[in-house]
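Notes follow once the structure below has been shown.
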Amino acid sequence: MTPPLRPLFDPANAFLAPMVEVLRRHPKRIVFPAGLDPRVLRVAAELVRLEVVAPVLLGHRPSIRALAAELGISLDFIGIVDPAESDDFDFFCERYRRVEKARHRQVTDAREVMVKPTYFAAMMVQYGYADGLVGGNEGYPSAFFRALFHLIRPLPGRDSAASCLPAYLPQRPDLGCHGTLFLADCAVIPNPTVRQLAMIAVESARAAALLSQELPRVAMISFSTRSSSRHLSTTKVHAAMELAREQAKRLHVDMAIDGELQLDAAIDPETMQRKAPGSPLGGRANVLVFPDLNAAHVAFKMLEYAAGAETYGQLVLGLARPAAQVSRVAKERTILGAALCTAMRAMAFRDLINAEEFS
């Protein structure tokens, strides 16, 4: 006999619990390309139990039903779509051909592309068949991001995309937003330019403000604090901070920002007072923007394995629809948190796009 499923959601989670309360009043449709992943099935069942998300799983319908029965999971209120058999398959193929034609590319077989779950899911989100997308847990990140960047249009005024990762440290409520730090960019741009770093800072601040309901306090991280060491990389970080400050003012993004800062100065008030007195962050940064992908990726892995942080996927920044990437080794709580964050972001995206189009 299959044992009953244990709840994945912890009501004591200071970061996710407020989202659950909001989403119970405004549930969203989230599509999961990897419908045959047992972790995704369990997360979908938990989202239904919490009454916060209407999950849509992509994959072979009989196989998903068989796996759900084996795991003892009810599929009530969980949608299942087989891309190849969907009524919208031909429509998506035609849309894909138009996209490729506009880019002056030759399409050999649109059906061969659209049958891939991630591409089909990206089309669903782009054309309003779902409010957000969570995937990447059954392949390499590059393949997941390629589909998103190919089919989901960018936000007005943005010509690149990046990512931001929420990391929750329940044993350190003094850090960030009651124990949550937002780290960027941990997944997409290996060596960002000044312009890209500024974009990462502003879009990460937007995500942090929405998900934490706190003022984003953005630290541009470097090995130097306030030019204590002169180097081309520190100059780049400082220039990005100045550009981000200008962009935030133009886009009406309410945030505090400082840099370049060493990590200890960014998150420790006493160290900040010694190294950068008068900083608007006060040593209580909740958004950490790293100078490159190497630094950001190492930082979040260290938080996971050395500090016990729970992370909630790479939230994709700079696109007109919300999405999150989770790794092949992601735990169920990571996938659950990514879905909740994506659903929350979906609530704000329509207002965000309208505001930017008229800014």
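Here are the numbers for the structure shown:
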{"quantity": "Among (1) crowded, with 20+ Cβ neighbours inside 10 Å; (2) without any contact (Cβ under 8 Å) to a residue 24 or more places away in the chain, the one test that Ile64 misses", "calculated": "(2)"}
{"quantity": "Residue that is at pLDDT 95 or above, among the small types (Gly, Ala, Ser) and either more than 19 Å from His178 (Cα to Cα) or touching an Asp or Glu at 6+ places or on another chain (Cβ under 6 Å) (or both), where the choices are Ala265, Ala244, Ala276, Ala285", "calculated": "Ala244"}
{"quantity": "Filtered residue count, the range 82-112, keeping only those that are closer than 18 Å to Ile152 by Cβ, at pLDDT 95 or above and not in a helix (DSSP H, G or I)", "calculated": "1"}
{"quantity": "Meets criteria (among the small types (Gly, Ala, Ser) and not assigned by TED's automatic domain parsing to the domain that holds Ala244) for Gly136", "calculated": "yes"}
{"quantity": "Residue check, Pro55 in contact with a Ser or Thr (Cβ under 7 Å, 6 or more places away or on another chain), closer than 30 Å to Gly308 by Cα and not assigned by TED's automatic domain parsing to the domain that holds Leu211", "calculated": "no"}
{"quantity": "Failed condition for Val134, given (1) assigned to a helix (DSSP H, G or I); (2) in contact with a helix residue (DSSP H, G or I) (Cβ under 6 Å, 6 or more places away or on another chain); (3) hydrophobic (A, V, I, L, M, F, W, C)", "calculated": "(1)"}
{"quantity": "Residue in the range 256-267 that is in the same structural domain as Thr193 (by TED's automatic domain parsing) and part of a loop (DSSP other than H, G, I, E, B) present", "calculated": "yes"}
{"quantity": "Whichever residue in the range 157-186 is closer than 14 Å to Asp268 by Cα and surrounded by 24 or more Cβ atoms within 10 Å (Cβ to Cβ) and, among such residues, is modelled with the highest pLDDT", "calculated": "Leu181"}
{"quantity": "Of the criteria (1) without any contact (Cβ under 8 Å) to a residue 60 or more places away in the chain; (2) out of contact with any Cys (no Cβ under 8 Å at 6 or more places or on another chain), which one Phe120 fails", "calculated": "(1)"}
{"quantity": "Subset of the range 155-175 that is among the small types (Gly, Ala, Ser) and not in a loop (DSSP other than H, G, I, E, B) - its residue that is farthest from Glu203 (Cα to Cα)", "calculated": "Ala167"}
{"quantity": "The range 1-60: number of residues that are crowded, with 23+ Cβ neighbours inside 10 Å and assigned to a strand (DSSP E or B)", "calculated": "7"}
{"quantity": "Sole residue being within 19 Å of Lys331 (Cα to Cα) and small (Gly, Ala, Ser), chosen from Ala102, Ala84, Ala68", "calculated": "Ala68"}
{"quantity": "Per-region count, the range 245-255, residues in a helix (DSSP H, G or I) and either without any contact (Cβ under 8 Å) to a residue 60 or more places away in the chain or not charged (D, E, K, R) (or both)", "calculated": "5"}
{"quantity": "Any chance Thr193 is surrounded by fewer than 20 Cβ atoms within 10 Å (Cβ to Cβ) and touching a strand residue (DSSP E or B) at 6+ places or on another chain (Cβ under 9 Å)", "calculated": "no"}
{"quantity": "Residue match in the range 272-290 (condition: touching a residue at least 24 places away in the same chain (Cβ under 8 Å), in a loop (DSSP other than H, G, I, E, B) and either within 14 Å of Ser163 (Cβ to Cβ) or touching a His at 6+ places or on another chain (Cβ under 7 Å) (or both))", "calculated": "yes"}
{"quantity": "Hits in the range 197-234 - residues which are under 21 Å from Gly282 (Cβ atoms), polar (S, T, N, Q) and outside any loop (DSSP other than H, G, I, E, B)", "calculated": "Ser204, Ser212"}
{"quantity": "Test: Glu242 is acidic (Asp, Glu) and either touching a helix residue (DSSP H, G or I) at 6+ places or on another chain (Cβ under 7 Å) or assigned to a loop (DSSP other than H, G, I, E, B) (or both)", "calculated": "no"}
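The values are calculated or read from the model by the stated rules, or taken from the named source; none is laboratory data. All figures in this text were calculated on a predicted structure; none of them were measured in a lab. Heads up, the Cβs are rebuilt from the backbone with ideal geometry, glycines too, and the neighbour counts pull from every protein chain shown.
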